[in-house]
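Report on one structure; see the data block that follows.
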Amino acid sequence: MISLNQLQNKLNNQTKNFALLLEFPQQYAERLWLIGVYDCATIPQAHERLRDVFDSNDLNSILTHDSFKYLIINEYDDQEIIESLHKEITAMASRIESQMFVDIETLELVSAIYKVLGLSEDAKFIINTGANFRLEWRPYFDAYDDPLAVQYADLKVHGCYYRLIATKFPFEKISFDNIKSYLYKIKWEHDGEFEGCISNGNSFSKHEDWLMMTLELFNSGIGNDARLNPTTFEIERVRYLVYGFPLVPSLVSDWHKPDLNLQVKNLDGDQKFIVRIDQQSLIFYARRVEASLFNTIDCEKHISLYRASVLAHFDADDELLKVNGVKYLTCFRPYSLEDTRGVQI
């Protein structure tokens, strides 16, 4: 059983790690951390309050405490505590920011809190879906000689339905020319044939236009820098380019859709969640665009860029994701090596 002394030492080490991580003076970082995470002003005060709630015969007093429960992360069964942290972490970051004399990206601060609390993957916004998470891929143009040229799979995020569209890409080197050549070949082979699309009214020509516009939005520098190039996603050992969007409600089917467990943050900035599925990665992108909140971008212009590309798909819903009354621009896109950089620590 963990002791009071061990918890106090863990709290002390957290303040030191926070100082090292953000390169702050120790006393300054100590105060920021204690105010933001544990609602205390000093180490002695934190130790005293921790002693008051600690019961050597019953850890429940710590496990159920509003803030000291976060000391138990990585010590016991802590999934419920981690879920609470996901909801509380933006408030923690806000409290720290209110006491700071320097400007730091809020997402970087959120990342630092996760890391100091021992959640290194959450610090990088990595979502591991686990063995029970299964995407059910199905042909999108099921009348083609190669019905697997384009596939789709649906899932849920924050209670909303999303559709992933996977376009086969048989080349090892990704370039606009290779992609255009392959799409032209597919269209030529099926010219004049019944499209057989699962969404009535859509066509391969529309799919081709959508894919090229989407590629240009996310990968204008494709081929110029290998770190920017989208990675392919393998389905049954075949390479695909995968993009996704909120699904129009009328197209939601009855068959099973896995639930992706991630928490968008009520913060300004580009949120990029690295979603790991069967040892592969996709990016779930989210951007707060609530007009009533402060944003560092022109919301309407930013939204229009996405609605002219990835959200222009025949099956895409115009409505933005709403979480706790706040709206977010969201989509899925391929992972690139550049996604390992950025605000995540």
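The values are calculated or read from the model by the stated rules, or taken from the named source; none is laboratory data. Nothing here was measured: the structure is a model prediction, and the numbers come from that model. Cβ: placed from backbone, ideal geometry, glycine included. Neighbour counts: every protein chain shown. We work out accessible area using only protein heavy atoms, side chains counted, and drop any ligands, DNA or RNA first. Shrake-Rupley method; radii C 1.70, N 1.55, O 1.52, S 1.80 Å.
Computed about the Cα centre, the dipole magnitude for the chain is approximately 480 debye when only Lys and Arg (+1) and Asp and Glu (-1) carry charge, each at its Cβ.
Dividing the summed -39500 (n - 2.57) terms of all DSSP H runs of n ≥ 4 by the residue count of the chain sets its mean residue ellipticity at 222 nm at -10500 deg cm²/dmol.
Looking at (1) -0.44, -0.98, -1.09; (2) -0.31, -0.97, -1.16; (3) -0.37, -0.91, -1.02, which value of log10 I(q)/I(0) by the Debye sum over Cα atoms at q = 0.07, 0.12, 0.13 Å⁻¹ comes from a calculation on the structure shown? Checked against the structure: label (3). Maximal additional length on extending the Asp254-Leu228 stretch stands at 5.7 nm, based on 0.36 nm per residue less the C-alpha distance.
With a Förster radius of 22 Å applied to the C-beta separation of Asp52 and Glu97, the computed FRET efficiency comes to 0.20.
Of all DSSP-defined beta bridges confined to the chain, some 90% are antiparallel rather than parallel. Net length available on complete extension from Lys87 to Gln6 is 26.5 nm, with 0.36 nm assigned per residue and the Cα-Cα distance removed. With a/c under 1.5 counting as rounded, go ahead and sort the stretch 55-156 into rounded, prolate or oblate using the C-alpha gyration tensor (a ≥ b ≥ c being the square roots of the eigenvalues; past the cut-off, prolate if a/b is larger than b/c, else oblate). Taking the square roots of the gyration eigenvalues as a ≥ b ≥ c, the stretch 55-156 is oblate.
When you count the other C-beta atoms within 10 angstrom of each residue and take the mean per peptide, 6-18, 327-339 line up highest first as 327-339, 6-18. Protection proxy ranking for 97-106, 200-209, using the average of other Cβ atoms within 10 Å per residue and placing the highest first: 200-209, 97-106.
Given their separation in residues at 0.36 nm each and the Cα-Cα distance between them, Ala143 and Met213 gain 22.7 nm when the chain is fully extended. For a straight C-alpha distance cut-off of 30 angstrom, the lysines reachable from Lys16 (same-chain residues fewer than eight places away being disregarded) are Lys69, Lys87, Lys115, Lys124, Lys265, Lys272. Each residue, Ala41 and Lys322, gets one label point 7 Å from its Cα in the Cβ direction; the gap between the two is 4.2 nm. Using the Cβ-Cβ distance between Glu23 and Gln279 with R0 = 30 Å, the FRET efficiency computed as 1/(1 + (r/R0)^6) comes to roughly 0.30. Compactness of the stretch 90-133 is given as radius of gyration and Dmax, 13.0, 45 Å, from Cα positions.
What the chain shows is 49 Å² of accessible area per residue, with the surface traced by a 1.4 Å probe over protein heavy atoms.
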